[in-house]
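Below is one structure; the comments refer to it alone.
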Amino acid sequence: MEDKISDSSTEQLGRQRILRRRRIRRLAVALITFALAFRNITQLKIDPPSRRTWEAITHNSSCQTEPGSELIFTTNASVFPHPPEFTSISTLFPRFNYSQPKFACWYACPMHHPHFVQELFRCFSLWEIQPSHHPRVLYVPKRQFWRKIGNLDIFDKQFPISSGILRTLMNSYNVTVTNSWNDGTPLRVQEMMEKDGTVSPFAMVSREHAVKWRDLFVPPEEEPTSRRAKKRLKIAVVNRPVARKLLNAMDARDNIAAAFPEHDVFEHHLNGTLQEMIDFFPMVDVLVSPHGSQLTGIMFMQRCSAVLEMFPHLYYTPTYFSSLARMFQLLHANWYVSHAAVPTGFLDLKTRLANTNNNMCPSMEKLVSAVDELIQKRQDCIDSI
């Protein structure tokens, strides 16, 4: 009986030793496998973003894509010819004379938000160069404009962003709006200067004026040191509800997010208020957007932020919002999303109006590559501040 118990104990101990040896072997194999994997990871050579294989991470688009043109970096004067970045007050206001004791800015511009901003930029420079104790007057004699601008409740409903800008100038910069003014000389700006090649569409007298304008609306930008250290960027795809919209905006968002998982990528629709623009644009590092009035918001972006502006077939105004980008020291690139060559010179208004409803379906591979290039140029710009 004792011999049987002894044999059973010995057999049990033997099985335990075998199981223990097996566990040790499995653990050893796991450790060796982990060590080899770790060695491979540490020796892995990762290409910089500009050399990524975009084909491996991009998805099919929901529409027939168009590769379009190469990127045209419009803030590079050696690549893209521009009118002068800033303009003298005597050019903006041909009747201006320093000997005039007082003057008002005569508003005479179509009620379209980007044009409204163009006009007020010129007025702002006029107000800035006059003595500080002189009144800042926006003179609106034309009845069709005064019906809107002179009644802020109506102006709010019809043009909420323009109205918000005007309210800010009235409340924070002491601008008076009137349709009757006899206490000096009303000065009218030169005609809208989008075509003459002499004056930028968005024009002011100096960089100081542009900075002061921006500071009226948004907080001071971050210190360059903190922006240099920023690792997680905000990349926004802003689409339009109709006319010149991206047909594959969500695909654009998903492809950019897949290519740059280290950054925050999102698609956004602006709801048409100044406050939303003020909240949104300063936080965006890289903006992807079709051409349209929503791009007036780039004046609130921080220096060196990047903008990719896309144009559809036969709708191309390359110096328009790029002049706004230059004024506020942004990086800006045009992309003509068409099967045709990039138009030379200016497309006339009749052609643009006939094609204003053309939409776009940009190539995802080319879009991601463009964003990659803008990210790098943004970093180079911040490093140079």
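Annotations
- Cα-based convex hull volume of segment 214-257 per residue, rounded to whole Å³: 119
- Accessible area per residue, Å², segment 53-182 with all protein chains present, probe 1.4 Å: 50
- The residue list ASN255, VAL337, LEU287 was ranked by how far each Cα lies along the charge dipole of segment 219-350 toward its positive end, using unit charges on Cβ atoms, and VAL337 comes out on top.
- An oblate overall shape is assigned to segment 74-198, the ratio a/c of its alpha-carbon gyration tensor axes (a ≥ b ≥ c) being 1.5 or greater and a/b not exceeding b/c.
- Convex hull volume of segment 247-385 per residue (C-alpha atoms, cubic angstrom): 121
- Here the gap between LYS102 and ILE278, fully extended at 0.36 nm per residue and compared with their Cα-Cα distance, gives a gain of 60.1 nm.
- Debye log10 I(q)/I(0) for segment 126-252, one point scatterer per Cα, at q = 0.11, 0.14, 0.15 Å⁻¹: -0.64, -0.97, -1.07
- Sorting 141-151, 354-364, 219-229, 114-124 by average packing, meaning the other beta carbons within 10 Å per residue, from highest down gives 114-124, 354-364, 141-151, 219-229.
- Between SER338 and GLY68, SER69, the built amide H atoms are under 5 Å apart, and every one of these is 5 or more places off in sequence or on another chain.
- Whole-number D in µm²/s for segment 279-361 (Stokes-Einstein; Kirkwood sum over Cα pairs; 4 °C, 1.567 mPa s): 97
- For segment 178-260, average projected area of the Cα convex hull in nm²: 11.1
- Surface composition of segment 229-385: carbon plus sulfur atoms contribute 53% of the solvent-accessible area (1.4 Å probe, protein chains only, all chains present).
The values are calculated or read from the model by the stated rules, or taken from the named source; none is laboratory data. From a predicted model like this one, the values you see are computed outputs, not experimental measurements. All Cβ positions, even for glycine, are placed from backbone atoms using ideal geometry, and neighbour counts span all protein chains on display. Surface accessibility is based on the protein's heavy atoms, side chains included, excluding ligands, DNA and RNA. Shrake-Rupley method; radii C 1.70, N 1.55, O 1.52, S 1.80 Å.
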